[in-house]
Amino acid sequence: MGRVKDMGLIRIGKINFSNVYPVFYFFRSEGFPGEIELIPQVPAQLNKKMAEGTIDMGFISSFEYGRNHHKYEVMPGLSISSLGKVRSVFLFSKKPLEELGQAKICLTNMSATSINLLKIILEKFNGFKPQYETMESNFAKMMEQGDGCLLIGDDALVASMNNPGYYIYDLGELWYRYTGFMMIFSVWTIRRDAIARAPELVRRIYDELMYSKEKGRSHLSEIIQAVCHKFGGTEEFWKQYYTGLSYDFTEEHKRGLEYYYRCAAELGLLPGPVEVKVWDGAKYKYS
């Protein structure tokens, strides 16, 4: 317990969505006895608890980083991003996109990044003025009450597989079409006060995360089997899904993320543009 007293406990938010598996599946928490606490969370709750300071690090929504960037630093080499299709953030619609000018869109209550990405796409890039209603993620209820709905993560994946007949738009693909930039949905973020409190422990956790990510890349078939067992779907579906995502955070990712923040600021969704601060405590530079 001496080490814990000297370095401080680090509380890590753990999201159990399928898209996090390639980063976290091989994370060896047993190597940090009494030093870390893994706290299961959905994204919206993780955002809230990070802002409050009751969780120290984890994958938070990119929009949440922008909203409270003065509290956080982004870990290099870790994100959930896409260059084009993300395949798990969908706008489902009864009408084609060009007819959604004044539509009612029901929004998931689980992701600020995707909600505001949709607003940027509809309002900034298309000049639309839709009505929005935020609610629990229930596809049938959302489509009953609106002209379309936004779902993310496993809810979006399941709905896309089981509900033919609707227009389905991938927000990562739309973002790339309008901007040419990569879309960064989540960043692995740490609170600055946690870095100050336990810098060496933070470095060790980071190295373990990078180990887990690299092993996830080289043992993707093992992850796919686990995900098929838990969520269903075919191995080919999950292989296409995972290989279409980027789990890195490079200068290219940073440029795309900062452009997203500029767009959000133009719509008044953020008070101003945000410069992303990347943690510089890594012993090695990861791409």
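The values are calculated or read from the model by the stated rules, or taken from the named source; none is laboratory data. No experiment lies behind these values; they were computed from the predicted model shown. Cβ coordinates were reconstructed from backbone atoms using ideal geometry, including for glycine residues, and neighbour counts include every protein chain displayed. The protein model used for the area step is the full one, side chains on, heavy atoms only, and it has no ligands, DNA or RNA in it. Shrake-Rupley method; radii C 1.70, N 1.55, O 1.52, S 1.80 Å.
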In nm, the gap between the two label points placed 7 Å beyond Cα toward Cβ at residue 265 and residue 52 is 3.0
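Relative contact order of the chain, please, whole-number percent, based on alpha carbon pairs below 8 angstrom and at least 6 residues apart. Numbers along the way, then the final one.
Numbers: 521 pairs, mean separation 85.6, N = 287.
About 30 percent, as a whole number.
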quick note, the range 62-180, DSSP beta bridge pairs, % antiparallel (nearest 5) is 55
Using alpha carbon centers only, the range 236-254 is separated from the range 19-96 by a whole-angstrom value of 15
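Using unit Cβ charges (K, R positive; D, E negative) and no other charged atoms, how large, in debye to the nearest 20, is the dipole of the chain about its Cα centre? Kindly include the intermediate steps, with their values, before the conclusion.
On the way: 35 positive and 34 negative charges, 76 e Å.
Value, rounded to 20: 360 debye.
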The local net charge around residue 10, scoring Lys/Arg +1 and Asp/Glu -1 for residues other than residue 10 whose Cβ lies under 10 Å from its Cβ, equals +1
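Can you tell me what percent of all Cα-Cα pairs in the range 129-263 are more than 22 Å apart? All intermediate terms of the calculation are to be shown ahead of the outcome.
On the way: 5218 of 9045 pairs.
Value for the range 129-263: 58 percent of Cα pairs lie more than 22 Å apart.
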Treating every alpha carbon of the chain as one equal point scatterer without solvent, the Debye formula yields log10 I(q)/I(0) values at q = 0.12, 0.13, 0.17 Å⁻¹ of -0.75, -0.88, -1.45
Here the net charge surrounding residue 257, from other residues whose Cβ is less than 11 Å away from its Cβ (Lys, Arg +1; Asp, Glu -1), is -1
Taking a crude spin-label model, label points 7 Å out from Cα along the C-beta direction, the residue 138 to residue 37 distance in nm is 3.3
Residue-normalised 222 nm signal for the chain, counting each DSSP H run of n ≥ 4 as -39,500 (n - 2.57), nearest 500 deg cm²/dmol, is -12500 deg cm²/dmol
Out of 84, 241, 187 - ranked by how far each Cα lies towards the positive end of the dipole of the chain, with unit charges on the beta-carbon of charged residues - the top one is 187
Here, residue 239 and residue 275, labelled 7 Å along Cα→Cβ, have an inter-label distance in nm of 4.5
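Once you charge only the Cβ atoms, +1 for Lys and Arg and -1 for Asp and Glu, what is the size of the charge dipole of the range 153-287 about its Cα centre, to the nearest 20 debye? Show your work: numbers first, answer last.
Values: 17 positive and 19 negative charges, 93 e Å.
Roughly 440 debye for the range 153-287.
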Restricted to the chain, the DSSP antiparallel beta bridge percent, nearest 5, is 60
Note to self: with every protein chain in place and a 1.4 Å probe, the chain gives an accessible area per residue in Å² of 43
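Where the accessible area of the chain is counted over protein heavy atoms with a 1.4 Å probe, how much of it, in %, is carbon and sulfur?
Values: 6020 of 12470 Å².
Carbon with sulfur: 48 percent of the solvent-accessible area.
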